[in-house]
Amino acid sequence: MDSDERNPTGMTRRQFASVASAAAAGFLLTACGPRRLREMPRERLRKAMADLEREYSAKYGTKVTVSDAGPMPGVLFAYALDLSRCIGCRRCVYACVEENNQSQDPQVQWIRVLQMDKDKGVDFTHADPYYQPAEVPQEGHFYVPVSCQQCRNAPCTKTCPTGATWTEPDGIVVIDYDWCIGCRCCMAACPYGARHFNWGEPSIPKGALNPHMHVLGNRPRPKGVVEKCTFCIQRARAGRYPACVEVCPVGARKFGNLLDPDSEIRYIIEHKRVLVLKEELQTMPKFFYFYAT
Amino acid sequence: MQRLTLLVVALAASAGAVRLSPQAAPPQVAPAARPPIQERLEMPPPPFSDGIFPCSNCHASMSVNRTRRPLSDMHTDIVLEHDEEHRWCLDCHDADTRDVLHLASGERIPFDESYRLCGQCHGEKLRDWRAGVHGRRTGEWNGHKGYLLCAHCHNPHQPRFRALAPKPAPRPPRRPGH
């Protein structure tokens, strides 16, 4: 009774010392482990890229380049999609799969085209992603392609327990595949269903690999990590349009710098009727939908 | 005399004021006339059918018939579905200089400037196209932007897009036991 009163936790001095030293050792070990990409010094990052290039070149039998290009100053990427033009042909979906080395079996697709009823308007409860008529567009329907909305107030990055996903200064929400533990909290947090999980070992058919990669974008992903649209970070940071913009047969997809007053995006926001999906959730997407006519 | 001088000065001042006020107005109008994006336009050559151009290869030796009529000997493959009640060939194609088009004003323009012809009716589309918003973009978002002529995507004789076969639908997720 007497000892309990003096030592309410029941822990001896010896026990406390061993627990404390174990915690200190654990902290030191974690601190010495693999560093996050965003904390890596430049030269170490370049060496890590060279390692990745060697690894992928050997695995896929072609010369692979892995870029670590950072954000450009004064650039905030944004996207706009013309709902009055999209015909739901899914050319963008497959251009994205090719450009971004998405797994084909099991199937991972970053863009999902939803067919909606003109009578109901933008209504997710009645949207059909599996439509397969002989020809599109179908009478009485319109099409809403949905991929990552690159939110300014992104719920996904807030839930990640390991800090494996974050928003870059140029507005692209990225994932560090080495730090993702596959808990899928971000997928539950995303109101757009834009994040996809590699349930199985991803497979890319021989010869279909895009060898121009970015470390935060289209490099091959391992099983058990989450992936999503990055505005084709490997192209956008090299000044090019994303693959889906260039492939769209009706020219419904627009891309540019939100901070440049002469960009297409700014013209659209200033002159057209613009909406964002699920505005009431205050996610503040940088992916705008508009009606050009 | 003094009164006369005063009158002259007052007249000169009012004349000056009248002259000044129109000068102040134009700078507000002028900058909007030409969007800066226009200078960057660069397009592939116009999409002619094989062996059809230059038109003068055949038309040079033919007399001009300006009567509106269905064509029966040549160009029968062209079906006009583009305001066909009011338009026909020579509204856009020039009868005297066969290898060019002409605007409503009579100004002759080459085929690679055909967007000016389309823009006579579709002015708001032309404006959007110049700004990079109408039509497909390729190239660089902050540098060299690839543009296409209207006729690269829209057949000028039947401009409405044809329906397309969609690419395959995604596979629905597999559930255990199914």
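The values are calculated or read from the model by the stated rules, or taken from the named source; none is laboratory data. A quick note: this is a predicted structure, and the numbers were derived from the prediction, not measured. We place every Cβ from the backbone using ideal geometry, glycine too, and count neighbours over all the protein chains shown.
General remarks:
- For the range A:97-154, the set of residues classified as touching a Ser or Thr at 6+ places or on another chain (Cβ under 7 Å) and loosely packed, with under 13 Cβ neighbours inside 10 Å consists of A:ASP105, A:ASN153, listed by residue number.
- Listing of helices (runs of 4 or more DSSP H) fully contained in the range A:229-293 that carry 1 or more residues being under 20 Å from A:LEU83 (Cβ atoms) and at pLDDT 95 or above: A:243-247, A:264-271
- One residue alone among A:GLY224, A:GLY171, A:GLY200 is modelled with pLDDT under 95 and among the small types (Gly, Ala, Ser), and that residue is A:GLY200.
- Within the option set A:TYR177, A:TYR130, being within 14 Å of another protein chain (Cβ to nearest Cβ) and hydroxyl-bearing (Ser, Thr, Tyr) holds for one residue only, A:TYR130.
- Index of the failed condition, A:ARG219 passing every other in (1) within 14 Å of chain B (Cβ to nearest Cβ); (2) of a type in the set (Lys, Arg); (3) surrounded by fewer than 23 Cβ atoms within 10 Å (Cβ to Cβ): (1)
- Scanning the range A:104-125 for residues that are within 12 Å of chain B (Cβ to nearest Cβ) and of a type in the set (S, T, N, Q) yields A:GLN104, A:GLN107, A:GLN109, A:GLN115.
- A:HIS271 vs. criteria free of Cβ contacts under 8 Å to residues at least 24 places away in the same chain and within 14 Å of chain B (Cβ to nearest Cβ): yes
- Filter result for B:GLU81 (surrounded by 10 or more Cβ atoms within 10 Å (Cβ to Cβ) and more than 14 Å from every other protein chain (Cβ to nearest Cβ)): yes
- In the range A:79-96, residue nearest to A:TYR241 (Cα to Cα) [restricted to those that are facing chain B (nearest Cβ under 10 Å) and assigned to a strand (DSSP E or B)]: A:ALA80
- Residue in the range A:141-158 that is out of contact with any helix residue (DSSP H, G or I) (no Cβ under 6 Å at 6 or more places or on another chain) and without any contact (Cβ under 8 Å) to a residue 24 or more places away in the chain present: no
- Cross-chain or 6+ apart pairs with Cβ under 8 Å, the range A:189-201 first and free of Cβ contacts under 8 Å to residues at least 60 places away in the same chain, then assigned to a loop (DSSP other than H, G, I, E, B) and aliphatic (A, V, I, L, M): A:PHE197/A:VAL225
- Residue within the range A:281-291 that is more than 11 Å from every other protein chain (Cβ to nearest Cβ) and touching a Ser or Thr at 6+ places or on another chain (Cβ under 8 Å) present: yes
- Tally, over the range B:114-129, of residues that are in a helix (DSSP H, G or I) and loosely packed, with under 15 Cβ neighbours inside 10 Å: 3
- Residue under evaluation A:GLU99, criteria (1) without any contact (Cβ under 8 Å) to a residue 60 or more places away in the chain; (2) of a type in the set (D, E, K, R); (3) more than 9 Å from every other protein chain (Cβ to nearest Cβ), criterion not met: (1)
- Some residue of the range B:118-126 being within 14 Å of chain A (Cβ to nearest Cβ), out of contact with any Cys (no Cβ under 9 Å at 6 or more places or on another chain) and at negative phi: yes
- For A:LEU76, the test of being over 17 Å from the mean Cα position of the chain (by Cα) and either facing chain B (nearest Cβ under 10 Å) or under 19 Å from A:PRO285 (Cβ atoms) (or both) is failed.
- Among the numbered conditions (1) within 14 Å of chain B (Cβ to nearest Cβ); (2) without any contact (Cβ under 8 Å) to a residue 12 or more places away in the chain; (3) surrounded by fewer than 17 Cβ atoms within 10 Å (Cβ to Cβ), the only one that A:ARG240 does not meet is (3).
- Selection of the range A:48-81 for residues being buried (at least 16 other Cβ atoms within 10 Å of the Cβ) and farther than 23 Å from A:GLY239 by Cβ yields A:ALA48, A:TYR56, A:TYR60.
- Residues in the range A:177-192 that are modelled with pLDDT of 95 or more and in a loop (DSSP other than H, G, I, E, B): A:TYR177, A:CYS180, A:ILE181, A:GLY182, A:CYS183, A:ARG184, A:CYS190, A:PRO191, A:TYR192.
Table: residues versus (1) within 10 Å of chain A (Cβ to nearest Cβ); (2) buried (at least 18 other Cβ atoms within 10 Å of the Cβ).
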{"position": "B:ASP112", "(1), (2)": "no, no"}
{"position": "B:ALA131", "(1), (2)": "yes, yes"}
{"position": "B:TRP141", "(1), (2)": "yes, yes"}
{"position": "B:ALA151", "(1), (2)": "no, yes"}
{"position": "B:PRO156", "(1), (2)": "no, yes"}
{"position": "B:PRO166", "(1), (2)": "yes, yes"}
